[in-house]
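Only one structure is covered here, and it is reproduced in the block below.
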Amino acid sequence: MNKEPKAVLCYGDSNTYGLEPLPGGRYPLKVRWTTQLQEQLGDGYIVIPEGLSGRTTDFDRVDAPYKRGLPPLKAILGSHVPVDVFIVMLGTNDCIAEVGASPEEIAGGMERFLKAAREAFEEFQEFQPAYILAAPAPVGPNYAVSTDEAVDESMYIKSHQLAGLYEPLAAKYGCIFVDGAGTEISALDSEHLTEEGHRQIAALMYEAVTSLEGTQDLKAETKETDADKHYVITDDCIGCGYCLAACPAICIEGTLIPFTIEQEKCQHCGACQDICPSDAIALL
Ligand code: SF4
Ligand code: SF4
């Protein structure tokens, strides 16, 4: 039986586009991390690159309003649904002095972005995709001699703080967190991935996507063997909302604590139980 490949949409900036540090063109297709991810994942997936140089999470760029990541998000998602895995790797351009945002404000931009993505997917498809939130590779130590004059010490400092702010955000919104720290950045401009950096990002994303696949396969088995059981939320619920973000069927009611599950819509995937920090979800 032919199965549709799972769609992996990669929303990012120049490092998802594949900008080459010098001479500033685009890396050949085979070098870009999105292409390498496609090759590694194989025919069961279709990887969709959506990278724009200079893109921010939700901040204006002088003379380039189209680089603000959030406003076109809904239109772009609408062009690609159904999406099974949504990867977002943004934040480097938010650190540029011209934007004037603090690391905390940048994390706020990312939170608005994640909320907007969730709302759009809720409207466009009957399930939420799995989310992978990646902190981009921070600016390299040669920033003082970067070929890009926008790269400076302030950008270096801010970019190194993003992972620490994104990781809790990922937990809050039920995303897999990927940290781009340690992936190789060009010594020429201190902001763009080298070929080795693209290989490293592809490996990190492959690990994240396949860890998800393993979980989903496990859940498929659970669904068959536990078909006569139901996930229920107990009084241990603290109302944190993690299950809301994780539920692909949007069938958790979160107005009152403890939260409740609409049993008719539940897909028995178990994602809520896996993410609950209070062990408040039981299979009965
Ligand atoms: S059921 Fe668990 S994950 Fe959901 S709101 Fe309650 S404590 Fe949080
Ligand atoms: S098992 Fe939990 S996460 Fe999965 S569909 Fe049911 S309520 Fe939603």
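List of remarks:
- Set the Cα radius of gyration of the chain against 2.2 N^0.38 Å, with N its number of residues, and you get 1.04.
- Degrees, to the nearest 10: 195-225 long Cα axis against longest axis of the chain: 0 degrees
- Taking every alpha-carbon pair under 8 Å whose residues sit at least 6 apart, the range 1-119 reaches a relative contact order of 31 percent.
- The trypsin sites (Lys or Arg not before Pro) of the range 1-76 meeting both criteria, a DSSP state outside H, G, I, E and B (loop) and at most 12 other C-beta atoms within 10 angstrom of the site's C-beta, are 3.
- Centre separation in Å (Cα based) which lies between the range 251-278 and the range 1-52: 33 Å
- Excluding exposed DSSP-loop GluC sites (Glu not before Pro) (at most 10 other C-beta within 10 Å), longest clean stretch of the chain: 1-148
- Rounded Å value of the spacing that divides the Cα centres of the range 179-201 and the range 84-99: 15 Å
- log₁₀ of I(q)/I(0) at q = 0.14, 0.15 Å⁻¹ - the range 11-135, Debye sum with one point per alpha carbon: -0.63, -0.73
- Residue 63/residue 3 FRET efficiency (R0 51 Å; Cβ-Cβ; nearest 0.05): 0.65
- Candidates 18, 91, 182: whichever shows maximal mean-square fluctuation once the chain is modelled as a Gaussian network with Cα springs under 10 Å: 182
- The value of relative contact order for the chain, using C-alpha pairs under 8 Å at least six residues apart, is 16 percent.
Coordinate-derived values only; no laboratory data. As the structure is a computational prediction, the values presented were derived from the model and not from experiment. Cβ: placed from backbone, ideal geometry, glycine included. Neighbour counts: every protein chain shown.
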